[in-house]
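I have placed the structure first, in the form of structure tokens, so that the comments after it can refer back to it.
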Amino acid sequence: MRNQFIHPDGWKIIEEGYDPLRVKSSESIFSLGNGSMGHRANFEEQYTGPSFQGSYVAGVYYPDKTRVGWWKNGYPDYFAKVLNAPNWIGIDVQVNGEPLDLNTATIHSFKRVLDMQCGVYTREVVLTTPCGVKLKIKATRFLAMFQQELGCIKYSIQLYDQGAELTVSPYLDGHVKNKDSNWDDPFWELKDQQCNGNYAYLHAKTYKSNFDVISYQAVSFSIDGKQTKDFSCEQNEGYISFVCQTELLPNQALVVEKMGGYCSSLQQPVDLIPSHVQKIALGALDKGFDALEKAQKTSWENVWKTADIKIGGDTKAQQGIRFNIFQLNQTYTGNNPNLNIGPKGFTGEKYGGSTYWDTEAYCFPFYMATKNESVAENLLNYRYNHLEKAIENAGKLGFNTGAALYPMVTMNGEECHNEWEITFEEIHRNAAIAYAIYRFEAYTGCKDYVENKGIDVMVGIARFWSQRMSFSQEKKKYVILGVTGPNEYENNVNNNWYTNYSAKWCIEYTISRLLEIANEKPKVYSKILKRLSLTNSDLEQWKVKADQVYLPYHAKHDIFLQQDGFLDKELTDISFIPEDQRPINQHWSWDKILRSPYIKQADVLQGFYFFEDDFSKDQLQKNFDFYEPFTVHESSLSPSIHAVLAAKLGRVEQAYNFYLRTARLDLDDYNAEVKDGLHITSMAGTWLSVVEGFGGMRVKNNAVHFEPQLPKAWKSLSFKINFRGSILELFVSESGSKVSLLEGKSVTVFLNGSAISLNQNKVLT
């Protein structure tokens with residue numbers, strides 16, 4: 001645990017006191033987004049201390065050149081960069097001709113608050129400038145959940161007992177760079193800029209990828225509540241500012257209201273964007289900041305109605321889960337099937353690309369249960385729409401006849417990662433995509449999706465697995481060689497158990513659904529065979545291979561082997577790692593890590609999480625007890641899976657410790673990397689650890705099952721889920737549990753094994 005400066009609070013993220021060493025970390029933690037755009041919590045005014053400036057537009061990227069791997073056939077053509085967009089939040093301030101800069105000023109008090117209940121960020125600073133002027137800054141801003149292109153800022157400067165000449169300049173700046181850039185290439189071409197009255201915009205276009213983005217601002221100035229029109233517009237190439245210069249008297253305050261943001265060619269035709277954003281900007285300015293803030297609060301109220309999780313008696317746990325839910329809703333709203341959930345969201349540039357297997361493996365259940373079926377279906381459609389690209393990707397490795405390998409990292413369906421071990425060894429991501437289809441069907445009860453779209457994806461994946469296997473004469477089994485499993489601290493291994501089992505499951509699931517369709521809807525089945533150039537003989541061959549997949553097992557330990565050579569390692573558990581060498585990925589050579597027994601994240605146990613009904617609790621216990629002591633959890637995705645499994649084993653307090661690690665991973669900076677951005681996709685794992693772990697929620701045989709348990713630190717737990725149009729609420733306390741139907745039709749619910757049909761106003765206890 002690194003950070004200790006975030007104050008515990010159920011609904012707010014609070015930082016008090018200024019420390020330049022934690023500015024970058026706070027820029028990540030206090031980030032804002034609305035699903036279409038977002039930015040780090042950079043100061044509006046100039047700051048010359050260590051900072052990571054970043055503003056991002058959903059879906060906009062640059063195909064940056066890769067540094068390594070050029071000699072490997074099939075290597076990705078580019079490494080996608082999430083682009084730092086032209087800066088719209090900036091407000092330059094000069095006091096008596098000196099730049100206002102927290103890095104050079106004397107700070108008397110500093111406080112910032114992120115109110116998660118309404119998505120509003122506030123910063124208050126009292127300082128004295130180098131020239132001796134004492135003043136107070138209050139900056140409030142939000143990104144509108146009700147208008148995807150709109151951000152709002154209210155910025156106030158109040159003097160104390162000394163007057164001063166003040167120059168305040170809200171600006172747009174197109175001269176931005178990415179922190180994470182291989183070659184320092186320019187990413188943006190400035191196309192146009194306009195200034196008219198109190199409105200201005202910059203039109204920039206990305207090189208290579210040809211995305212048009214217009215950033216804009218509309219501003220008003222007031223002194224002690226009275227608007228002033230005494231300002232001018234100044235322009236240089238790629239830079240526009242409105243300049244208000246005034247003599248401010250003691251105790252007077254100057255307030256800037258700034259309405260701005262982005263609109264991209266992914267949202268509007270390019271020729272319509274200028275008029276579109278001008279209408280939004282001037283309309284917002286007419287309504288005023290305070291009225292828009294009320295609309296923001298209403299929007300977030302609607303989000304929290306189904307998304308909130310309430311924990312009684314443990315403020316830090318409560319703060320952690322709400323922070324995670326808040327960031328997930330800032331990152332993805334589900335309205336656009338062309339967008340997905342990036343591992344850093346709008347909080348940083350690390351990892352590039354917008355989509356990993358994290359979406360299907362971790363995020364999908366959250367959006368499915370807290371939003372509605374259409375949001376979940378949009379996530380599935382994202383992969384369906386990229387099927388041809390996945391087939392092309394498999395073709396780079398020599399596979400054919402429609403075999404599909406979905407990319408590890410993608411913006412548009414093409415693989416765009418820059419590590420071979422990730423791109424073409426970590427092939428288990430295919431299974432997560434098929435598993436999401438399975439989850440959707442089980443949760444919604446809707447079979448039409450599989451019949452119309454999902455089966456195409458499933459067949460492509462099954463074809464890949466059937467071709468990727470090879471027959472071992474030694475083992476008389478089908479093996480999968482040269483892979484990297486979820487544990488990325490082992491590369492190019494043979495027979496990673498999770499990968500092999502996932503391949504087997506994918507093929508078997510695909511066959512079972514095809515046969516079900518053949519039995520129930522023979523005409524639909526015939527159309528599928530024709531559309532996919534599929535034969536019954538193909539299915540028979542797949543079944544032979546699935547039946548004979550090699551699954552490494554060790555009889556002495558009675559465990560599944562993570563990979564063939566795992567027991568050849570020196571099996572010392574994580575207690576042997578000196579604390580000052582953690583995390584090992586920041587202290588050890590890659591060679592040392594690969595030779596060690598240490599596991600980055602759930603691997604075998606990932607399989608026990610996905611396919612839990614295939615294994616007994618005794619098998620889970622033996623494998624959990626063997627592998628967890630070797631697991632360093634240096635992937636943000638790991639603790640949540642262990643929390644769910646520990647809860648299933650009845651180890652509630654152990655599950656609680658895992659929960660805290662995943663819930664407060666960024667707030668407490670467990671992995672010492674929050675300065676680079678938040679772990680957005682792992683945040684969905686926090687929700688899983690509560691709902692599936694402590695809530696014991698499962699969907700089996702078209703019904704919701706709950707087996708709740710409370711850790712000692714909690715007095716109560718409650719959450720809601722949207723199940724097939726019915727809103728259910730589970731409430732757990734020290735005295736017992738109950739399930740309520742809040743909205744929707746009657747539904748059968750199982751609580752601790754007892755089944756009752758719920759109507760509205762009827763409670764299951």
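The values are calculated or read from the model by the stated rules, or taken from the named source; none is laboratory data. Since the model is a prediction, treat every value here as computed from it, not as a measurement. A quick note on method: Cβ atoms are made from the backbone with ideal geometry, for glycine too, and the neighbour counts reach across all protein chains shown.
Structure data summary
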{"quantity": "Condition met for ALA646 (more than 24 Å from ALA376 (Cβ to Cβ), of a type in the set (A, V, I, L, M, F, W, C) and in a helix (DSSP H, G or I))", "calculated": "yes"}
{"quantity": "Yes/no for PRO708 being under 26 Å from TYR435 (Cα atoms) and in a loop (DSSP other than H, G, I, E, B)", "calculated": "yes"}
{"quantity": "Helices (runs of 4 or more DSSP H) fully within region 587-627 counting 3 or more residues that are modelled with pLDDT of 95 or more and either over 29 Å from GLU673 (Cα atoms) or among the acidic types (Asp, Glu) (or both)", "calculated": "617-627"}
{"quantity": "Matching residues in region 649-672 - criterion: being of a type outside the set (Phe, Trp, Tyr), touching a residue at least 40 places away in the same chain (Cβ under 8 Å) and in a loop (DSSP other than H, G, I, E, B)", "calculated": "GLY650, ARG664, ASP666, LEU667, ASP668, ASP669, ASN671, ALA672"}
{"quantity": "Where a residue in region 46-61 is within 18 Å of LYS208 (Cα to Cα) and its partner, wherever it lies, is surrounded by fewer than 19 Cβ atoms within 10 Å (Cβ to Cβ) and among the aliphatic types (A, V, I, L, M), with Cβ under 6 Å and at least six apart", "calculated": "GLY59/LEU266"}
{"quantity": "Long-range neighbours under 6 Å by Cβ, at least six apart or interchain, first residue on the phi > 0 side of the Ramachandran plot within region 306-324, second among the aromatic types (Phe, Trp, Tyr)", "calculated": "GLY313/TRP714"}
{"quantity": "Pick from region 523-557, criterion aliphatic (A, V, I, L, M) and in contact with a Lys or Arg (Cβ under 7 Å, 6 or more places away or on another chain), ranking: farthest from TYR627 (Cα to Cα)", "calculated": "ALA546"}
{"quantity": "Qualifying residue in region 161-176 (condition: modelled with pLDDT under 95 and closer than 21 Å to GLY59 by Cβ)", "calculated": "yes"}
{"quantity": "Residue list for region 418-445, restricted to those being touching a helix residue (DSSP H, G or I) at 6+ places or on another chain (Cβ under 7 Å) and over 30 Å from LYS65 (Cα atoms)", "calculated": "ALA434, TYR435, ALA436, ILE437, TYR438, ARG439, PHE440, GLU441, TYR443, THR444"}
{"quantity": "Qualifying residue in region 76-90 (condition: surrounded by fewer than 21 Cβ atoms within 10 Å (Cβ to Cβ) and within 28 Å of ASP184 (Cβ to Cβ))", "calculated": "yes"}
{"quantity": "Strands (runs of 3 or more DSSP E) within region 2-106 that include 1 or more residues within 18 Å of HIS679 (Cα to Cα) and in contact with a helix residue (DSSP H, G or I) (Cβ under 9 Å, 6 or more places away or on another chain)", "calculated": "12-16, 37-39"}
{"quantity": "Residue satisfying all of: in region 750-765; assigned to a loop (DSSP other than H, G, I, E, B) and polar (S, T, N, Q); modelled with the lowest pLDDT among these", "calculated": "THR765"}
{"quantity": "Complete set of residues in region 14-31 that are buried (at least 23 other Cβ atoms within 10 Å of the Cβ) and of a type in the set (A, V, I, L, M, F, W, C)", "calculated": "ILE29"}
{"quantity": "Residue match in region 573-586 (condition: part of a helix (DSSP H, G or I), over 30 Å from the mean Cα position of the chain (by Cα), without any contact (Cβ under 8 Å) to a residue 24 or more places away in the chain and farther than 15 Å from THR631 by Cα)", "calculated": "no"}
{"quantity": "In region 347-377, residue farthest from ARG724 (Cα to Cα) [restricted to those that are in a helix (DSSP H, G or I) and charged (D, E, K, R)]", "calculated": "ASP358"}
{"quantity": "Residue among VAL270, VAL277 that alone is crowded, with 21+ Cβ neighbours inside 10 Å and hydrophobic (A, V, I, L, M, F, W, C)", "calculated": "VAL277"}
{"quantity": "Test for ALA105: is it among the aliphatic types (A, V, I, L, M) and closer than 30 Å to LYS305 by Cα", "calculated": "no"}
{"quantity": "Looking only at region 676-702, and only at residues there that are out of contact with any Cys (no Cβ under 7 Å at 6 or more places or on another chain), among the β-branched types (Val, Ile, Thr) and assigned to a helix (DSSP H, G or I), the one that is nearest to TYR438 (Cα to Cα)", "calculated": "VAL691"}
{"quantity": "Candidate set from region 611-646 (those that are among the aromatic types (Phe, Trp, Tyr) and buried (at least 16 other Cβ atoms within 10 Å of the Cβ)); member that is farthest from the chain's Cα centre (by Cα)", "calculated": "PHE626"}
{"quantity": "Any hit, region 550-564, residues being in a helix (DSSP H, G or I), crowded, with 17+ Cβ neighbours inside 10 Å and not charged (D, E, K, R)", "calculated": "no"}
{"quantity": "Close pairs from region 228-241: first part of a strand (DSSP E or B), partner among the aliphatic types (A, V, I, L, M), Cβ under 6 Å, at least 6 apart", "calculated": "SER232/VAL243; GLU234/VAL243; ILE240/LEU172; ILE240/ALA200"}
{"quantity": "Given (1) over 24 Å from ALA41 (Cβ atoms); (2) over 28 Å from the mean Cα position of the chain (by Cα), index of the condition TYR239 fails", "calculated": "(1)"}
{"quantity": "Residue match in region 635-642 (condition: under 24 Å from PHE440 (Cβ atoms), assigned to a helix (DSSP H, G or I) and not acidic (Asp, Glu))", "calculated": "yes"}
{"quantity": "Cβ-Cβ under 6 Å pairs, at least 6 apart or on other chains, region 530-547 side under 23 Å from ASN452 (Cα atoms), far side buried (at least 19 other Cβ atoms within 10 Å of the Cβ) and not hydrophobic (A, V, I, L, M, F, W, C)", "calculated": "TRP542/SER466"}
